[in-house]
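The values are calculated or read from the model by the stated rules, or taken from the named source; none is laboratory data. Here the structure is a predicted model, which is why all the values come from computation and not from measurement. All Cβ positions, even for glycine, are placed from backbone atoms using ideal geometry, and neighbour counts span all protein chains on display. All accessible areas refer to the heavy atoms of the entire protein, side chains included, with ligands and DNA or RNA removed. Shrake-Rupley method; radii C 1.70, N 1.55, O 1.52, S 1.80 Å.
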Amino acid sequence: LEEQQALHVKRGAMLQYRVEAKLRQTVPLYRDRDTLNLLWFGQSPGPALLGFALRLAGRDSATAEPPKTQPFERLPAPEQRQIVTYNQDLYRVGPLRDDSVHLFFLRQIAQLIRVHGKCGVAFSPPLYRAFLDEYHLINWQEYRDNMARVRDLCEKEGLHFVDCNDGPERLDLPGRDFHDAAHTLDTGAQKTGEHLYRLTRDSILLTLR
């Protein structure tokens with residue numbers, strides 16, 4: 001019975017990957033799904049789809065996704081293909097415009113931070129460059145152009161911005177620290193936290209004096 005339930009869960013996860021990949025290809029707003037769904041409905045579609053598949057299999061959705069402990073390079077080939085499919089077009093967002101939902105919410109966050117007299121840090125977390133390059137999943141020039149717009153907005157709004165993928169603040173993590181293109185394992189998360197602390201410590205301490 002447990003093997004049958006595990007098979008149902010695996011099939012449900014594979015269905016989720018295929019559905020999300022198709023949505024990203026055909027529905028432009030799907031790229032902003034987390035922001036929009038949390039704003040309007042209080043829930044993201046990914047967990048909802050997986051939860052539905054687990055309920056069909058008689059499993060508790062709270063135990064659906066175990067902690068990520070294996071780097072991408074050590075995953076079985078079928079799981080690697082699922083991850084590549086999931087990331088297809090995920091990082092091809094196009095040029096950021098002034099009216100984009102990303103910059104809109106960044107402005108709102110900056111205003112809230114300023115109103116409450118706090119110090120804010122915005123950052124672009126490290127990406128698995130070798131993975132993205134191998135499968136041609138990102139346009140780095142487009143990324144740099146978009147991050148330049150984000151940095152410009154942060155400077156205007158008084159936020160400290162750190163880009164972990166370009167320039168002097170770049171953080172190169174080895175493949176063994178990544179589970180997929182952007183999700184680090186515990187080792188990668190610790191290195192990222194230490195990196196951000198070193199870069200932002202002085203500016204944050206100044207606001208506390």
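Count, please, the residues in segment 68-91 that happen to be under 17 Å from E134 (Cα atoms) and either assigned to a loop (DSSP other than H, G, I, E, B) or among the hydrophobic types (A, V, I, L, M, F, W, C) (or both). Residues that pass the stated criteria total 10. G94 satisfies every condition listed in (1) modelled with pLDDT of 90 or more; (2) not in a helix (DSSP H, G or I) except (1).
Within segment 115-132, being farther than 23 Å from R198 by Cβ and either open to solvent by less than 70 Å² (accessible area, probe 1.4 Å) or basic (K, R) (or both) holds for G117, A130, F131, L132. Listed conditions (1) in contact (Cβ under 8 Å) with a residue 40 or more places away in the chain; (2) open to solvent by 20 Å² or more (accessible area, probe 1.4 Å) are all met by M147, apart from (1). Contact map, segment 73-99: residues that are among the aliphatic types (A, V, I, L, M) paired with residues that are at pLDDT 85 or above and part of a loop (DSSP other than H, G, I, E, B), Cβ distance under 7 Å, separation 6+ or inter-chain. Pairs shown: I83/D180; V84/Y135.
Of the numbered criteria (1) modelled with pLDDT under 95; (2) under 28 Å from K68 (Cβ atoms), the one M147 fails is (1). Residues that are under 20 Å from E79 (Cα atoms), part of a helix (DSSP H, G or I) and open to solvent by 20 Å² or more (accessible area, probe 1.4 Å) within segment 168-185 comprise just one, R176. Can you report the number of residues in segment 153-166 which are open to solvent by 30 Å² or more (accessible area, probe 1.4 Å) and closer than 13 Å to F123 by Cα? Total meeting the criteria: 3. Selection of segment 175-202 for residues being of a type in the set (A, V, I, L, M) and under 18 Å from E134 (Cβ atoms) yields A181, A182. Among the residues of this structure, E194 counts as one that is open to solvent by 70 Å² or more (accessible area, probe 1.4 Å) and either in contact (Cβ under 8 Å) with a residue 60 or more places away in the chain or within 20 Å of the chain's Cα centre (by Cα) (or both).
When segment 86-101 is filtered for residues that are surrounded by fewer than 17 Cβ atoms within 10 Å (Cβ to Cβ) and either out of contact with any helix residue (DSSP H, G or I) (no Cβ under 7 Å at 6 or more places or on another chain) or of a type in the set (V, I, T) (or both), the ones remaining, listed by number, are R92, G94, R97, D98, D99, S100, V101.
If you check C154, C119 for being touching a residue at least 12 places away in the same chain (Cβ under 8 Å) and part of a loop (DSSP other than H, G, I, E, B), only one passes: C119.
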